[in-house]
1. Using Cα pairs closer than 8 Å and at least 6 residues apart in sequence, work out the relative contact order for the chain, in percent.
2. Give, in nm to one decimal, the length gained when the segment between ALA40 and LYS80 is fully stretched (0.36 nm per residue of separation minus the Cα-Cα distance).
3. Output ³J(HN,Hα) for the range 111-123: one whole-Hz value per residue in order, computed from phi by the Karplus curve 6.51 cos²θ - 1.76 cosθ + 1.60 with θ = phi - 60°, and x for Gly and Pro.
4. Longer than 26 Å from Cα to Cα, which of LYS9/LYS80; LYS80/LYS166; LYS58/LYS145; LYS80/LYS145; LYS145/LYS170; LYS147/LYS173 are they? Say none if no pair is.
5. I need the shape label for the chain. Rule: rounded when a/c is under 1.5, else prolate if a/b > b/c, else oblate, with a, b, c from the alpha carbon gyration tensor.
6. List the relative contact order of the range 52-139 as a percent without decimals, with contacts defined as Cα pairs under 8 Å and 6+ residues apart.
7. What chymotrypsin sites (Phe, Trp or Tyr not before Pro) in the range 8-78 are in a loop by DSSP, with at most 15 other Cβ atoms within 10 Å of the Cβ?
8. Check LEU67: other-chain or 5+ apart residues with amide H under 5 Å from its amide H, H built from backbone geometry?
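Just so it is clear, none of the values below were taken in a lab; they were calculated from the coordinates. What you see is a predicted model, and the numbers here were worked out from it, not measured in a lab. Ideal geometry is used to build each Cβ from the backbone, glycine not excepted, and the neighbour counts take in all protein chains shown.
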Amino acid sequence: DRKMSQIFKDGGIIELEKAIEKTFDISVDKYMSLNNASLALICDSLGGVNYPVPDGLKGLNEGTQFLDSNFVIKLISNPKFAEDARTVTTGSVFAEMLAGVSGSRVADIVDYTYNQLVNMTETDITSIDYQNQKEAIDYILRSGKFKSTFRVPSGENTKQGIVMDKSAIKTLKEDAGL
């Protein structure tokens, strides 16, 4: 019953990539490992989020409220969350954050944010990769045609890891256009 965090801790990014590829039946082309500083930069660049905070979380008030980067990190790293709840909350917070951004505002700061992130994270995304995708990223952000969504796929937690339902994998791939 190994969690993604344990796989990363035991085997690093290579083993985590393998686990994700096996679980979701996809190929991981690139990765970026975030720490609190890089996560804060992303949150601040996106402008924070209005989010319903559940009751009983230390350092946070219950109810829908604006969360800046400090409070997003407090929320998703709260020790009251089990790993699965943390994963769902993180996905939900970032989907809401992305859904609420003004495309032009975010598109205008992508270069700055990328240059900062690449110097503060572990990643295999190069500046050439970024330049090759820059036009597509700009289009996605400015066009307003693409809405961020979050899915909790169905599956079974086994000793070998999460085994996704075949229908869940198919749906995720269809949603992603794969």
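1. Working: 178 pairs, mean separation 45.9, N = 178.
Computed value for the chain: 26 percent relative contact order.
2. Details: separation 40, 0.36 × 40 = 14.40 nm, distance 2.09 nm.
Gain on extension, ALA40 to LYS80, equals 12.3 nm.
3. 4, 4, 5, 4, 4, 5, 4, 4, 8, 10, 10, 8, 7
4. LYS80/LYS166; LYS58/LYS145; LYS80/LYS145
5. Values: a/c = 1.43, a/b = 1.09, b/c = 1.31.
In terms of gyration-tensor shape, rounded.
6. Details: 33 pairs, mean separation 13.4, N = 88.
After rounding, I find 15 percent.
7. Numbers: sites: PHE8, PHE24, TYR31, PHE66, PHE71; in loops: TYR31.
Within the range 8-78, the qualifying chymotrypsin sites (Phe, Trp or Tyr not before Pro) (loop, at most 15 other Cβ atoms within 10 Å) are TYR31.
8. VAL49, ASN50, TYR51
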